[in-house]
1. With the other protein chains left in place, how much accessible area per residue, in square angstrom, belongs to the chain at a 1.4 angstrom probe?
2. Kindly point out, ordered by number, any Cys in the chain whose beta-carbon has no other cysteine beta-carbon under 4.7 Å away.
3. Full-extension gain between residue 87 and residue 139, please, as 0.36 nm times their residue separation minus the C-alpha to C-alpha distance.
4. Out of residues 5 or more away from residue 224 or on other chains, whose amide H comes under 5 Å of its own, with H placed 1.01 Å from N in the peptide plane?
5. How far is helix 2-56 tilted off the main Cα axis of the chain, in degrees rounded to 10, range 0 to 90?
6. Report the extension gain between residue 303 and residue 117 in nm, rounded to one decimal, defined as 0.36 nm multiplied by the number of residues separating them, less their alpha carbon distance.
7. Collect residues whose amide H, placed 1.01 Å from N in the peptide plane, falls under 5 Å from the amide H of residue 214; neighbours closer than 5 in sequence don't count.
8. For mean projected area of the Cα convex hull in nm², the listed values are (i) 16.5; (ii) 41.2; (iii) 17.9; which was obtained by calculation from the structure presented?
Amino acid sequence: MHGSYRGIIIAVTGLALLSGGVWYGLDQQALYREEADQRHADYTRRAADQIQRTCAATATAQKPNCIKEAVSEYRLKYRDNQREYDDLVAQKTSALWTSLMGIAALIGMFLSAVGVALVYTTFSEAKKTNRIAMRESARATRRAISSGVETNHALEIAERNAEAATAQVAVAQDTAKRQLRAYLTTADLIVAQERAPDGSVMRYRIAVKWQNTGQTPAINVCVDGDIITFDAPPDWSDPRFGVILEPEKQVLIGPGNNIFLRRSIAISEITPLRKVYLISVVEYNDTFLDTPRRRTELCTEILFVPNPSGGPQTPFTITTEQDGLMNGMDEGCLKPPTT
């Protein structure tokens, strides 16, 4: 922008100098013409005075001829004198304009040199500007690349943090579910005697107390079981261990509440060598969505130890012992849920 202003200033200065030179030349030319006219007029007055002085002493009869001859001679000299003054004016004018043209040529050469210098300066400044722009562009590119690398690194860190946070949330949710979910476990095993009118034992009634030890309700609860006997060591593949649950008998058990399974065995079915097992299965859902069906299995051996001194009123001493493979919860069960 500064270069363009300098060019305008120089152009205006050159135009002013050119106009001044033309004005000076015209003014000097007018002065030359005015000087020539003034000298020509002076010559005319001197010639008239000379004619008067020349013919003054002449006789009166000869004056007309004298004046006529002097006037003719004056006219010849007048034309010669006028041509001389015109030639002198032309020479001065030509010399003047030649000088002015030389000066104008010198000024033009100077302005051309200045213009070349300005063009060179402009190109140099443009080159410097381009170099500065290229350096700034390179710096900007390096900064952009560095910023992009840092951004990618930050994004990777953010992704890892997000994945870690998601994993922590998943762990926290799983932990919360484990802490709050329903758990149905055996809280007690109750054995009662059913007696005949004479007081002798006819039957033993056995009840399993299932309790929700969790903090949320157990829903869709199914429970069943049975008492089975073996005269030999138990066969865990025996179909009697496959308790059949009835899906239509589903209930809800709140936290801390209980549900009982009651079964009985006649005294006639008990012998010292016979093994008696109580088996029970409970299946349920917790209140959390997208969780599997839950299952708990129980297998307890009921030991009837003969009591020789008890008589018909107390023929056996009863103890219980968990036995076999059919004791577990969820994934630890012998069999998967069936309801």
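The values are calculated or read from the model by the stated rules, or taken from the named source; none is laboratory data. Given the structure is predicted, the values throughout are model-derived calculations rather than measurements. Quick reminder, even Gly has a Cβ in these numbers, built from the backbone with ideal geometry, and neighbours come from all protein chains shown. With ligands, DNA and RNA removed, areas are computed over all heavy atoms of the protein, side chains included. Shrake-Rupley method; radii C 1.70, N 1.55, O 1.52, S 1.80 Å.
1. Ligands and nucleic acids excluded, the result is 65 Å² per residue.
2. Cysteines lacking a close Cβ partner in the chain: 222, 299, 333.
3. 11.1 nm
4. Amide H neighbours of residue 224, under 5 Å, 5+ apart: 281.
5. Result, in degrees: 10.
6. 54.8 nm
7. 183, 256
8. (ii)
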